[in-house]
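Undergrad: Mind looking over this structure? Questions follow.
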Amino acid sequence: MSTYQNKFPVIAIDGTASSGKGTLAKKLAVFFGFDHLDSGMLYRIYAHEVLKKKIQEVDKIDINIELFNDKTLYESKNLRSELVSKTASKIAKNEFVRKQLINLQRHFADKPPSRKGSVIDGRDITSVIVPNAEVKFYIDASLEKRAKRRQIQLNLPEKEYEKVFYEMKTRDYNDKNRENCPLIKTKDSLYIDTSNISERMVLDIAIKEVKKKIDFI
């Protein structure tokens, strides 16, 4: 386990694509008054820059740190496009990119704007970014459910479901089998399957777990 120790409490959330981890992270942040960081958006911003500047070798890109503080960029629909998604997944395998973004995420964990704590969600938060986080979750759901959610989220017709399904299956494989920081469930993470329970139920389970592990809440 890494020797890195976060300076403020962190609720760390990992999980598969479209499993509901982002929704849970936002709701937990609001409930506890913590700051939220979606690490996946950092990779999307990076991918967006790679595509915009037509860069072939991602380890030679000079990313302006201020980009990651641009709130309007986080809300941009361009970051949710399939091309950005695929590029983000591809560059996430790159060690140079991951090292740059690890520093950003740990800075957020150590200096959350609220000075109270943070909720950070992604693919390797519990295992690599904040391995000593006070609370850890691993969120998952069946591939069928996640593909349907993704199809609806992108407002795609029913005929696109099969394509979304296989793209998500490929992404799962890549996330779990990449050499650098693969998606795993750590032993100390609470597993929540969101396939057949409501967002409210997921939140209730998570809140109960957080209250058990952070004594000042």
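Undergrad: Roughly what % of Cα-Cα distances in the chain sit above 32 Å, to the whole percent?
TA: Everything past 32 Å amounts to 14 percent.
Undergrad: Anything over 23 Å Cα to Cα? Flag those among LYS54/LYS86; LYS27/LYS208; LYS90/LYS187; LYS27/LYS86; LYS21/LYS52; LYS93/LYS116, in the order listed. All intermediate terms of the calculation are to be shown ahead of the outcome.
TA: On the way: LYS54/LYS86 15 Å; LYS27/LYS208 13 Å; LYS90/LYS187 27 Å; LYS27/LYS86 27 Å; LYS21/LYS52 28 Å; LYS93/LYS116 32 Å.
Long pairs (Cα-Cα over 23 Å): LYS90/LYS187; LYS27/LYS86; LYS21/LYS52; LYS93/LYS116.
Undergrad: What value, in deg cm²/dmol to 500, does the helix sum -39500 (n - 2.57) over DSSP H runs of n ≥ 4 give at 222 nm once divided by the residues of the chain?
TA: -14500 deg cm²/dmol
Undergrad: Under a crude label model (7 Å from the Cα following the beta-carbon direction), how far is PHE31 from GLN153 in nanometres?
TA: Here the answer is 2.0 nm between the modelled labels.
Undergrad: May I pose another question? Solvent-accessible area per residue for the chain at a 1.4 Å probe radius, Å²?
TA: 53
Undergrad: Within segment 121-217, report the trypsin sites (Lys or Arg not before Pro) that DSSP leaves as loop and that have at most 10 other Cβ atoms within 10 Å.
TA: LYS187
Undergrad: Ignoring any ligand, DNA or RNA, what whole percent of the accessible area of segment 82-143 comes from carbon and sulfur when the probe is 1.4 angstrom?
TA: 54
Undergrad: With springs only between Cα atoms under 10 Å apart, run a GNM on the chain and tell me which of ILE205, ILE91, ILE192 wobbles the most.
TA: Largest GNM mean-square fluctuation: ILE205.
Undergrad: Between exposed chymotrypsin sites (Phe, Trp or Tyr not before Pro) in the chain, where DSSP calls loop and at most 15 other Cβ atoms lie within 10 Å, what's the longest gap? Walk me through the numbers on the way to the answer.
TA: Working: sites that count: TYR4, PHE216.
In the chain, the maximal stretch lacking such sites is 5-215.
The values are calculated or read from the model by the stated rules, or taken from the named source; none is laboratory data. As the structure is a computational prediction, the values presented were derived from the model and not from experiment. Neighbour counts are summed over all protein chains in view; Cβ atoms, including those assigned to glycine, are modelled from backbone coordinates with ideal geometry. Ligands, DNA and RNA are stripped out before the accessible areas are found, and what is left, the full protein with its side chains, is counted by its heavy atoms. Shrake-Rupley method; radii C 1.70, N 1.55, O 1.52, S 1.80 Å.
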